[in-house]
Structures are given as C-alpha cells and as structure tokens.
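No lab work stands behind these numbers, since they all come straight from the coordinates. Here the structure is a predicted model, which means the values were calculated and not measured. Note that each Cβ is placed from the backbone with ideal geometry, even for glycine, and that neighbours are counted across all protein chains shown.
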Amino acid sequence: MPDDEPLEPEAHPAGRTGWERLWRAGRPRLTRANAYITVLAMLLGFAMVAQVHETRSSGLENLRQEDLVALLDSVNQQSLKLSKEADNLTATKRKLQDDNGDQAALKAATARLQTLGILAGTLPATGPGIRITVKDRKGVVKPSDVLNAVEELRDAGAEAMQINDVRIVASTYFAESTDGELVADGTALQAPYTIIAIGDPHTMATAMEIPGGVVDALKQLGASPSIRSSERLDVTALRAVSAPRYAHPDNP
Amino acid sequence: MIPAIGLVVGLVIGIVVHPDVPLSLQPYLPIAVIAALDAVFGAVRAVLDGIFDDKVFVVSFLSNVVVAALIVYLGDQLGVGSQLSTGVVVVLGVRIFSNVAAIRRHLFHA
C-alpha cells in the first residue's frame with residue numbers, strides 16, 4: 001500500500017510544490033501501468049454507482065430495528081384501515097346487487113299494488129259474489145238502509161262492492177238529496193238499486209237473508225229486494241285516487 | 001488525468017447501465033468500494049510525496065479490495081459479518097482521513 005510513509009508535510013524530494021507534482025503525475029502518459037490504473041478507476045466508478053443504486057433501490061434490509069418496528073406498526077395500521085374500507089365497500093356492493101337483482105321484491109310490490117288497488121277502488125275486480133237488486137217504486141229506501149246493507153256485506157266478507165255505478169270503498173258515504181234521491185259519494189242513484197259484492201256468495205247471501213236482516217227490513221219498508229248468487233261477477237266502477245292532504249306515511 | 005477521466009467514464013457507464021448487483025456480491029461491494037477509495041487516496045498522497053509507483057498502486061488497489069471482501073466473507077461465515085464490516089469501514093475510514101490530511105498538507109500547507 002502506498003501510504004505507509006511517515007507523515008512529513010514538507011517532504012519534497014524534488015523540491016517541487018504539491019500542485020506541480022500532481023500536475024506532472026496527471027499528464028497523459030501512455031504506459032501499461034497507466035492503462036491498468038485507468039481501468040481500475042473505471043471499475044471503481046462503476047462499482048460506486050452500482051452500490052449507490054443498490055442502496056437506494058433496496059428498502060428494508062438497511063434499516064435499523066426500531067425503524068423496522070415503527071414501519072411495521074404503520075403498515076399494520078394502514079392495513080387495518082384498508083381492510084375496514086374493503087369491508088364497507090363489499091357491504092355496499094352486496095346491497096347494490098341485492099337491490100338490482102331482487103325480482104321477488106318487485107313482484108311482491110306489484111301484488112301489493114294490485115291488492116291495494118282493489119281495496120281503494122282504483123282497479124276493476126272480478127270473482128264470485130252476489131247481486132242484490134232493490135226495486136223501490138215508492139222511494140222508501142233511506143241512506144241508512146243502504147249503509148246497513150253495505151255494512152252487513154262487509155261483515156260477511158265482501159271484498160269489492162259497487163252500487164249502481166259507484167264503487168263502494170272505505171270512505172264512501174250515503175246521503176239523501178234535497179229532492180229525496182239517494183246519493184252515494186256525490187252521485188245520485190236511481191232505483192232500482194243494484195249492489196254487486198264480490199266475496200263468498202253463500203256467506204253473503206245468508207247474511208242478507210237472516211231473519212230481521214237487510215232483506216227483511218227492506219221488505220217491511222215496502223221495497224222488493226232480490227238476491228242472486230253468481231260464480232262470476234264484475235265490479236267495474238272505479239274510484240279516482242286522491243292524495244291525502246293531512247295524513248302522511250309514518251315510517252319507523 | 002487519464003485515470004480521473006476513467007473514473008468519470010465508469011460513473012457515467014454505471015448511471016446509464018443501471019446495474020443490478022448480484023445477490024452474492026451485495027455484502028462485499030460496499031466494503032470493496034471503500035477499500036478502493038482508500039487505495040486511490042493513498043495513491044494521490046504517494047504522488048504528492050514523490051514516491052508513487054504504478055505497480056504498487058495496482059497491487060494495493062486490488063489487494064485492498066480482495067482483502068476487504070475476504071474479511072467480510074470470513075465475518076459472515078463466523079456470524080460476525082456486520083460487526084466485522086463495521087470494523088473494516090472504520091479502519092479504512094481512518095486511513096482515508098489520514099491520507100486526505102496528508103494531501104491537504106501537501107497542497108495547501110495547512
């Protein structure tokens with residue numbers, strides 16, 4: 001090794017200054033030794049860059065233990081956060097898929113809509129039932145009598161009813177106009193009155209004809225009611241839907 | 001002059017090529033680079049002392065590199081690789097500093 005000499009700053013064998021000596025040694029000389037040295041210097045530069053590159057690109061093996069522990073901790077926390085986020089996103093995805101794919105819910109909603117339509121009178125209904133015809137030439141039938149008949153039919157399980165051309169729903173009212181006509185939901189009714197009720201025909205017919213019931217009462221008044229059961233009747237009168245003004249759905 | 005140009009050329013080649021150090025060489029390369037640097041500073045000092053010899057430089061450069069790598073290898077085999085690496089780096093660092101001090105005295109007389 002070339003550096004085992006004693007440290008003598010002023011040792012200038014040829015009497016030249018350091019700069020001159022360095023300059024002289026640095027002059028290009030085409031010797032074999034100079035070529036070797038150049039190759040070695042090149043190798044050194046190459047190795048230095050390679051090592052620097054390696055150190056920069058290599059990550060964890062050069063770190064100290066505390067750094068590694070801190071790094072592990074932060075990575076763990078981030079992983080926890082990300083897995084929570086992944087859970088949330090998975091749940092959202094499942095919900096969306098359920099919402100999209102649930103044909104059963106759509107069918108159920110449609111069926112419910114039809115049921116409610118029949119109850120509210122917005123849809124025509126068909127099925128077995130009875131037809132009650134009340135001939136009233138003398139005009140003795142009062143609104144209360146019609147109401148009694150309707151209530152009796154409801155008790156007997158009528159699901160859809162109409163009187164003449166008026167659909168009977170929960171809010172239907174019966175009244176008497178100033179000139180003695182029967183009025184249902186604001187529409188004047190002309191005798192003979194025809195009530196069509198869809199439900200179990202036998203039950204409803206029996207309910208009408210019990211002693212002291214609707215038929216008896218009407219006969220005592222002087223009207224002549226007749227009941228006819230049928231396997232297929234159509235309730236075709238419809239009722240317009242009006243949105244409630246004061247009541248709102250109360251979803252829990 | 002030419003060796004300095006060679007050093008720069010080596011640096012440029014390294015930057016351009018972006019070499020990947022083989023795994024088997026990874027523990028030894030940093031020590032070898034330090035040892036080579038030690039040889040280079042020793043050579044500059046020898047030039048200033050007027051005792052530079054081409055052959056001595058080539059041999060010292062190569063032997064520095066080989067011995068440094070050998071010490072690290074031996075340390076790895078004995079299970080004290082990292083400690084021995086640290087020791088070699090300390091020794092070489094001290095030598096580099098003393099060489100640089102001598103160079104400084106030659107060039108700046110301070």
Among A:Glu85, A:Glu151, A:Glu20: highest mean-square fluctuation, GNM of chain A, C-alpha pairs under 10 Å: A:Glu20
Of A:Ile130, A:Ile118, A:Ile210, the one that fluctuates the most in a GNM where chain A has Cα springs shorter than 10 Å: A:Ile210
Magnitude of the charge dipole, region A:154-235, Cβ model with Lys/Arg +1 and Asp/Glu -1, debye to 20: 140 debye
Convex hull volume per residue in cubic angstrom - Cα atoms of region A:67-114: 50 Å³
Ellipticity estimate at 222 nm from DSSP helix runs (n ≥ 4, -39,500 (n - 2.57)) divided over chain A, nearest 500: -16000 deg cm²/dmol
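Shape verdict for region A:125-235, please, from the Cα gyration tensor: rounded (a/c under 1.5), prolate (a/b greater than b/c) or oblate.
oblate
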Stokes-Einstein diffusion coefficient of the protein assembly as shown, Kirkwood radius over Cα pairs, 25 °C, 0.890 mPa s, in µm²/s: 79 µm²/s
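Once you have the Kirkwood Rh of region A:21-98 from its Cα pairs, apply Stokes-Einstein at 37 °C and 0.692 mPa s and quote D in µm²/s.
Working: Rh = 18.4 Å.
So the translational diffusion coefficient is about 178 µm²/s.
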Calculated FRET efficiency for the pair A:Ala111/A:Leu147, C-beta based, R₀ 30 Å, to 0.05: 0.45
Table column - 3J(HN,Hα) (Hz), region A:126-143, Karplus curve with 6.51, -1.76, 1.60, x for Gly and Pro: 9, x, x, x, 10, 10, 10, 10, 10, 8, 9, 6, 8, x, 8, 6, 9, x
For chain B, the fraction of alpha-carbon pairs in successive 5 Å shells from zero, as %: 2, 11, 16, 20, 19, 15, 9, 4, 1, 0
Computed helical MRE - 222 nm, chain B, DSSP H runs ≥ 4 contributing -39500 (n - 2.57), nearest 500: -28500 deg cm²/dmol
Under 20 Å from the Cα of A:Lys93 - lysines, other chains or at least 8 residues apart: A:Lys81, A:Lys84
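Provide a whole-number value for the mean count of partner chain Cβ atoms within 10 Å of the Cβ atoms in peptide B:96-102.
2
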Peptide B:57-69 - average C-beta neighbours from other chains (10 Å radius): 3
Stretch gain in nm, segment A:Gln78-A:Ser224, where the contour uses 0.36 nm per residue and the Cα spacing is subtracted: 43.9 nm
